[in-house]
Structure formats: structure tokens, C-alpha cells
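To keep things clear, I will list the structure first and then write my remarks on it.
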Amino acid sequence: MNKRHVFWDMAEGKLPMPPAEQTLGFEMLETIPDSGQITLAFTAKPEFCNVLGNIGGGFLAAMLDAVTSLAPATTYQHGEFGPTLELKVNFIRACKPGKLRGIGRTIAI
């Protein structure tokens with residue numbers, strides 16, 4: 001059986017995004033087959049803000065998790081899956097509500 005990965009049905013809008021991605025205001029901007037790269041957009045909603053008016057780190061980490069886990073998905077065959085085993089984030093400045101863009105690149109070593 002030579003079925004393609006379910007990722008492409010979501011990328012082409014044939015399947016809905018999972019609820020978590022919908023909550024993050026997830027949008028696929030660029031997906032190139034077999035590239036190991038992806039560009040996503042997110043809507044950082046005011047509802048995600050902390051008391052200081054900045055987007056909470058947990059929401060930002062969820063957005064980064066989506067970018068880093070979906071970049072290699074552009075290379076997956078049917079039935080393959082790559083879960084996030086570890087995620088570490090260093091925040092260098094606050095993030096305000098609005099549109100965010102994430103670019104993920106898979107690096108083979």
C-alpha cells in the first residue's frame with residue numbers, strides 16, 4: 001500500500017487541523033514535500049496574555065512545538081510519526097498579541 005502521510009491532507013485543507021492547533025490560530029504558510037522545512041503562522045490572541053499583557057510562555061512553547069514537530073513531517077511516509085521527545089525554550093523578550101510566524105528546519109546530523 002502506497003498511501004501518503006495524513007500530514008498532507010491537513011496541509012491541503014482536506015482534513016481539519018487538530019483542536020490544539022485551532023486554538024493556537026494555526027495556519028500553514030509553506031510546506032515543501034521532502035524538504036524538512038515548514039513555515040507556519042499563529043494568532044497570539046489576547047486571551048493568551050499574562051497579567052503584564054504579554055503572551056504566556058506556555059502558549060509560545062506550544063507554537064514552537066508545532067513548528068519543530070511538523071518540519072520533519074514534510075519527509076514522512078504513511079504511518080511514520082515523530083513525537084517531540086524534549087523541548088527547551090529560552091525566551092529573549094516578551095511577545096505581544098498578534099500574528100506570529102514560525103520557520104522550522106530539520107537538520108540531519
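As a summary of the residue check, Lys3 satisfies the conditions (1) touching a His at 6+ places or on another chain (Cβ under 6 Å); (2) not in a loop (DSSP other than H, G, I, E, B) except for the one numbered (2).
Does Leu15 satisfy the criteria of being modelled with pLDDT of 95 or more, assigned to a loop (DSSP other than H, G, I, E, B) and open to solvent by 40 Å² or more (accessible area, probe 1.4 Å)? It would help to see each step written out before you state the result.
On the way: modelled with pLDDT of 95 or more: no; assigned to a loop (DSSP other than H, G, I, E, B): yes; open to solvent by 40 Å² or more (accessible area, probe 1.4 Å): yes.
For Leu15, the condition - modelled with pLDDT of 95 or more, assigned to a loop (DSSP other than H, G, I, E, B) and open to solvent by 40 Å² or more (accessible area, probe 1.4 Å) - is not met.
Tell me which residues, restricted to segment 26-53, are part of a loop (DSSP other than H, G, I, E, B) and crowded, with 17+ Cβ neighbours inside 10 Å. If the condition is that a residue be part of a loop (DSSP other than H, G, I, E, B) and crowded, with 17+ Cβ neighbours inside 10 Å, then Phe26 is the only one that fits.
Within segment 54-109, the residues that satisfy the criterion of being closer than 23 Å to Trp8 by Cα, over 16 Å from the mean Cα position of the chain (by Cα) and open to solvent by 90 Å² or more (accessible area, probe 1.4 Å) are Gln77, His78, Ile107, Ala108.
Sub-8 Å Cβ pairs linking a first residue in segment 1-20 that is without any contact (Cβ under 8 Å) to a residue 60 or more places away in the chain to a second residue that is among the acidic types (Asp, Glu), at least 6 apart or interchain, are Leu15/Asp9, ordered by first then second residue.
The values are calculated or read from the model by the stated rules, or taken from the named source; none is laboratory data. As the structure is a prediction and not an experimental result, all values here were calculated from the model. Cβ sites come from the backbone with ideal geometry, for glycine too, and all protein chains shown count toward neighbours. Areas reflect the complete protein model, heavy atoms only, side chains present, ligands, DNA and RNA absent. Shrake-Rupley method; radii C 1.70, N 1.55, O 1.52, S 1.80 Å.
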